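S.K.: Below are the structure tokens for one structure; questions will follow.
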Amino acid sequence: MRLLILGTGGMANNHATNFAAIDGVEVVGGVDVVPERLAAFCAQHKIGGQFSSIEEALAWGQFDAVANVTPDRMHHPTTMKAIAAGKHVFNEKPLATDAGLAMEMTEAMEKSGKVGMVNFTYRNSPALQKGRQMVLDGKIGKVRHVEASYLQSWLVGNFWGDWKTESKWLWRLSKEHGSNGALGDIGIHIVDWTSYGAGADVTKVFARLRTFDKAPGNRIGEYGLDANDSVTMTVDFDNGAIGTIFATRTGAGQMDQLRLRVYGESGALEMIYDTGKSTLRACVGADVNTATWRDIALDPFETNYIRFARAVQQGKTIEPSFRRAASIQKVLDAAAVSDQQHKDQAIG
């Protein structure tokens, strides 16, 4: 598979590194509107082709697939052009900024017959993969209750850099730069993580979004700081369970932590991803009587990058697909409406 990387910001380095390590995959080109960033990226990863636009790259055409790592608002127009040109696409999340655009992309991709997948990064956690399988295997009985959280702290700490001066963070705080805030950035991850790990889809949501004052006039240079910073949701699942999901960028003391607890009629599981480390704990069987939790050994698994390369080789989309991403986007859209209307929203 010959791969083009569209957008060469921070996350693109993960794509280039992971794809280059897969046998049979060659990263042959990069695209970016900032020449200096593009040149540095291609030099770092020894990439030959350099293009200033998706149109220029498609005119060249010497690639099979696109890894779309552009800002959120650019996913739809650029991916639609790649689909029209007959390319496979590995899209960063979110697939689009709203469910309507995401479904348009999904239908176009499915009609094309090419492979379309979305990089829900935290699917790469072995704790999530094994925990989900234990749920599906009935290890905790029927699921009754779910708790999930995604905590980041880059608005209150400098571990990842200075958000007040770096564009890679500032755009995530600005609606005019295409951000849907914490809801669209990390909310999409925790909704996928939760429904995937619990083996159940969200059917109803009641949500609250909050944007905090962060600078004089809530503006830094060209960036209006108006995107939401924290999200809370109460949700219903299609298996009859209920739960809570929340996400924030102000979680002091947590660098990058996703946590999911799934409580069933005969046991419980806790799946954790914490800044690169995965942990799975269970309270099952006789341990339920003493509330004893035990660590569960994790199994090897394939990353999304490997799965995409395999899917292209086999010519058949596997999960996480465009359709899956569109379904998660419907939950986020409903959460935004719920916040505006102050009432429950069913997922259409």
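The values are calculated or read from the model by the stated rules, or taken from the named source; none is laboratory data. Keep in mind that what you see is a predicted model, and the values were worked out from it rather than measured. Using ideal geometry, Cβ is built from the backbone for each residue, glycine included, and neighbour counts are taken over all protein chains shown.
Okay, residues lined up against (1) assigned by TED's automatic domain parsing to the domain that holds Glu270; (2) more than 22 Å from Gly10 (Cα to Cα); (3) β-branched (Val, Ile, Thr); (4) touching a residue at least 40 places away in the same chain (Cβ under 8 Å):
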| site | (1), (2), (3), (4) |
| --- | --- |
| Glu147 | yes, yes, no, yes |
| Phe159 | yes, no, no, yes |
| Asn180 | yes, no, no, yes |
| Val191 | yes, yes, yes, yes |
| Phe206 | yes, yes, no, yes |
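S.K.: Right, next: Select from segment 293-302 the residues that are at pLDDT 95 or above and assigned to a loop (DSSP other than H, G, I, E, B) and write down the one among them that is surrounded by the fewest Cβ atoms within 10 Å (Cβ to Cβ).
M.R.: Within segment 293-302, the first condition is being at pLDDT 95 or above, and the residues that meet it are 293-298.
Cutting the leftovers down to assigned to a loop (DSSP other than H, G, I, E, B) gives us 293, 296-298.
On the way: Trp293: 14, Ile296: 19, Ala297: 7, Leu298: 16.
Among residues in segment 293-302 that are at pLDDT 95 or above and assigned to a loop (DSSP other than H, G, I, E, B), the one surrounded by the fewest Cβ atoms within 10 Å (Cβ to Cβ) is Ala297.
S.K.: Looking at Ala309, Ala282, Ala268, Ala336, which one is under 24 Å from Arg208 (Cβ atoms) and surrounded by 14 or more Cβ atoms within 10 Å (Cβ to Cβ)? Steps first, answer last, please.
M.R.: Values: Ala309 fails: under 24 Å from Arg208 (Cβ atoms); Ala282 fails: under 24 Å from Arg208 (Cβ atoms); Ala268 fails: under 24 Å from Arg208 (Cβ atoms).
None of the others qualify; the one that does is Ala336.
S.K.: Looking only at segment 260-311, which residues are within 30 Å of Lys114 (Cα to Cα) and without any contact (Cβ under 8 Å) to a residue 12 or more places away in the chain?
M.R.: Result: Glu302, Arg310.
S.K.: Need at least 1 residues that are within 28 Å of Arg323 (Cβ to Cβ) and touching a helix residue (DSSP H, G or I) at 6+ places or on another chain (Cβ under 8 Å) per element, so show me which strands (runs of 3 or more DSSP E) inside segment 1-92 make the cut, counting only ones lying wholly within it. Steps first, answer last, please.
M.R.: Numbers: elements: 2-6, 26-31, 49-51, 65-68, 88-92.
Qualifying strands (runs of 3 or more DSSP E): 2-6, 26-31, 65-68, 88-92.
S.K.: Since Lys93 meets every condition but one in (1) modelled with pLDDT of 95 or more; (2) closer than 26 Å to Ser179 by Cα, which condition does it not meet?
M.R.: Among (1) modelled with pLDDT of 95 or more; (2) closer than 26 Å to Ser179 by Cα, the lone unmet condition for Lys93 is (1).
S.K.: I'm trying to understand the selection: among the residues of segment 175-185, which are in a helix (DSSP H, G or I) and either over 19 Å from the mean Cα position of the chain (by Cα) or crowded, with 23+ Cβ neighbours inside 10 Å (or both)? Show your work before the answer.
M.R.: Going through segment 175-185, the residues in a helix (DSSP H, G or I) turn out to be 175-177, 181-185.
Glu176, Gly181, Ala182, Leu183, Gly184 - these are the residues of segment 175-185 that are in a helix (DSSP H, G or I) and either over 19 Å from the mean Cα position of the chain (by Cα) or crowded, with 23+ Cβ neighbours inside 10 Å (or both).
S.K.: Restricting attention to segment 263-285, which residues are among the β-branched types (Val, Ile, Thr) and either more than 16 Å from Ser149 (Cα to Cα) or not in a strand (DSSP E or B) (or both)? Lay out the reasoning, then the answer.
M.R.: The initial filter retains those residues of segment 263-285 that are among the β-branched types (Val, Ile, Thr), namely 272, 275, 279, 284.
Passing the criteria: Thr275, Val284.
S.K.: Tell me yes or no: at least one residue of segment 153-171 is crowded, with 21+ Cβ neighbours inside 10 Å, charged (D, E, K, R) and in contact with a helix residue (DSSP H, G or I) (Cβ under 7 Å, 6 or more places away or on another chain).
M.R.: no
S.K.: Oh, and also: Could you check how many residues of segment 147-174 are among the aromatic types (Phe, Trp, Tyr) and part of a loop (DSSP other than H, G, I, E, B)?
M.R.: Matching residues across segment 147-174 total 4.
S.K.: Still on this structure, please answer the following. If we keep just the residues of segment 1-60 that are out of contact with any strand residue (DSSP E or B) (no Cβ under 7 Å at 6 or more places or on another chain) and of a type in the set (Lys, Arg), which is nearest to Trp169 (Cα to Cα)?
M.R.: So the residue we want is Arg37.
S.K.: Could you list all residues from segment 1-47 that are of a type in the set (Val, Ile, Thr) and under 24 Å from the mean Cα position of the chain (by Cα)?
M.R.: Within segment 1-47, the subset of a type in the set (Val, Ile, Thr) is 5, 8, 17, 22, 25, 27-28, 31, 33-34, 47.
The answer is Ile5, Thr8, Thr17, Ile22, Val25, Val27, Val31, Val33.
S.K.: If you go through segment 308-334, how many residues are under 20 Å from Val25 (Cβ atoms) and not small (Gly, Ala, Ser)?
M.R.: 10
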